[in-house]
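Below is one structure, written out as structure tokens, with a few remarks after it.
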Amino acid sequence: MNGTIRQILEKYRPVWALNHASAVMGWDVETYMPEGATRPRGVSLSQLSLLRQKLVLELAPFVEKAGEAKDLTDMEKGIVRVLKHTLDYYTKVPPSLIEELERTVTEATVPWREAKKKSKFSIFKPHLTKIVELKKTEADKLGYKRHRYNALLDQYEEGLTVGDLDPMFSRFIPPLKRVLGKVLAERRFPSEHPLEAVKYDLDAMRRVNGHILKLLAMPKNTFRMDVSAHPFTTSFAREDVRITTRYEGTNFKATMYSVVHECGHAIYELQYDRALEYTPIAGGVSMGIHESQSRFWENIVGRSAAFVDMIYPYLKRNLQFLSSYDAESVYLYLNTVRPSLIRVDADELTYNFHIALRYELEKRLIAGDLSVSDVPAAWNDTMDDYLGVRPKRDAEGMLQDVHWSAGSIGYFPTYSLGNMVSAMIRRKLARQVPIEELVRSGKLTPIKDWLRTSVHRWGATFAPKELLRREFNDGYNPDALIEYLQAKFVG
Ligand code: MG
């Protein structure tokens, strides 16, 4: 190993430990922490974050020196790349701006919730205005080529630009509109299903979710599942990955697919090469690639007819109310297609329209081509254009997502990248592995192994675009997604 890299990794250990501690504490906040403990936890987390920043900044001269070395391995290059990216943020964005951003989004939380509850944009508007201004300043400090929004995209998906996203969305919107039109006309996939209103027994549902963990061969001694208000995955270490789900009491597919989805994230975090542990390149490389893993398991495997046929007998034995529904009917319930106003409820086919809309508006807001006052109208018009539905209240429109109030501008597009990459994975995997046969017989391990070899093992060794080029000989390409959705929904 390169001597400077060895020094970097030694100095990085305490940073890893701080990340580890913050992750455990953050998980606890969402799962078991008593509500009254919010304040001390917040103080502690922000102190740890300052400490981490200080330690990372101390790495700067070493990273610079390592960056000049000519003989680095892929792994060593990855370490330098990832640390440079972090250092770049800390050196270009002044602490006063970071602090102001943090304060502003913290102050926006309650007004956003109230605005959503009362469906009153005016309550959130001054906060959003300030957040957009600060994000513009942040982007200007970071610097960018061509489009200011690129600087923000790069924080969630390294190297992602408007130049990637514009052609991608404009290429998949028209064909997906045609597929949706056909699905709605043919009516094989229903827009509503009686099972959506059926209540489930909590213990029975816990058993079903436990069965899914077994099917996915989630390791008992390095993984666990708990309950939280919003399902999520977090990784403390390669040997300690956690997911959560929630039980709403009705519409059992919601909790079931949240488990499959989060397991997809978890498998990625459990399967990177052991050699990467404790380094800056341990774990998933980006939000988009991460989401490709969760969407692959949730949609491409979990919502397939083969999966439903395989799991149907178990579901029927454990969920009494399924006695009068056959496997085909359950498959259609799990695959309802409905142009709706709410992103988180959207199905596999309509989901990307919700993202395209948010992308357009964010891009224009950050460029200064759209004012915050004009967002609700622009939102409603675009919904109408894409899905033929129009929000009557802003709570069902631009107030629905937490992201903007949290300052997460540039995050949404990674959801669509995930869908697109999941279909690229399916296309390549299908050439090498009999997916349907394996899923039908409940043998999912060969698929997990394939994902480990092709994607997981690298961790963040390669930037997302480089990973796609190496493993798929492609970029962010929507063709596989269009092909997959077309074949599934209209045949
Ligand atoms: Mg996810």
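The values are calculated or read from the model by the stated rules, or taken from the named source; none is laboratory data. No experiment lies behind these values; they were computed from the predicted model shown. So basically every Cβ, Gly included, is an ideal-geometry build from the backbone, and we count neighbours across all protein chains shown. Surface accessibility is based on the protein's heavy atoms, side chains included, excluding ligands, DNA and RNA. Shrake-Rupley method; radii C 1.70, N 1.55, O 1.52, S 1.80 Å.
Observations
Here's the yes/no breakdown for (1) away from the ligand (no atom under 16 Å from the Cβ); (2) more than 21 Å from residue 118 (Cβ to Cβ); (3) part of a loop (DSSP other than H, G, I, E, B):
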| residue | (1), (2), (3) |
| --- | --- |
| 384 | yes, yes, no |
| 389 | yes, yes, yes |
| 395 | yes, no, no |
| 401 | no, no, yes |
| 430 | yes, yes, no |
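- Residue 248 surrounded by fewer than 23 Cβ atoms within 10 Å (Cβ to Cβ), out of contact with any Gly (no Cβ under 8 Å at 6 or more places or on another chain) and free of Cβ contacts under 8 Å to residues at least 12 places away in the same chain: yes
- When the residues of segment 267-283 are filtered to those that are buried (at least 23 other Cβ atoms within 10 Å of the Cβ) and closer than 15 Å to residue 233 by Cβ, the one that is farthest from the ligand (Cβ to nearest atom) is 272.
- If you check 36, 67 for being more than 27 Å from the chain's Cα centre (by Cα) and exposed (fewer than 14 other Cβ atoms within 10 Å of the Cβ), only one passes: 36.
- Set side by side, the residues 338, 317, 343 differ, and just one is basic (Lys, Arg), in contact (Cβ under 8 Å) with a residue 60 or more places away in the chain and surrounded by fewer than 22 Cβ atoms within 10 Å (Cβ to Cβ), which is 338.
- From the list 306, 377, 327, the one residue that fits, being within 29 Å of residue 135 (Cα to Cα), among the small types (Gly, Ala, Ser) and at pLDDT 95 or above, is 377.
- The C-beta contact set for segment 284-297 (first residue more than 9 Å from the ligand (Cβ to nearest atom), second residue assigned to a helix (DSSP H, G or I) and among the charged types (D, E, K, R), distance under 8 angstrom, 6+ apart or interchain) comprises 284/269; 296/426.
- Of the set (1) open to solvent by less than 20 Å² (accessible area, probe 1.4 Å); (2) more than 27 Å from residue 389 (Cβ to Cβ), all apply to residue 145 but (1).
- Selection within segment 241-266 - away from the ligand (no atom under 16 Å from the Cβ) and hydroxyl-bearing (Ser, Thr, Tyr): 247, 250
- Qualifying residue in segment 321-330 (condition: assigned to a loop (DSSP other than H, G, I, E, B) and touching a helix residue (DSSP H, G or I) at 6+ places or on another chain (Cβ under 9 Å)): yes
- Count of segment 103-129 residues which are within 23 Å of residue 90 (Cβ to Cβ) and open to solvent by 50 Å² or more (accessible area, probe 1.4 Å): 2
- Per the listing 377, 423, the residue uniquely surrounded by fewer than 22 Cβ atoms within 10 Å (Cβ to Cβ) and among the hydrophobic types (A, V, I, L, M, F, W, C) is 377.
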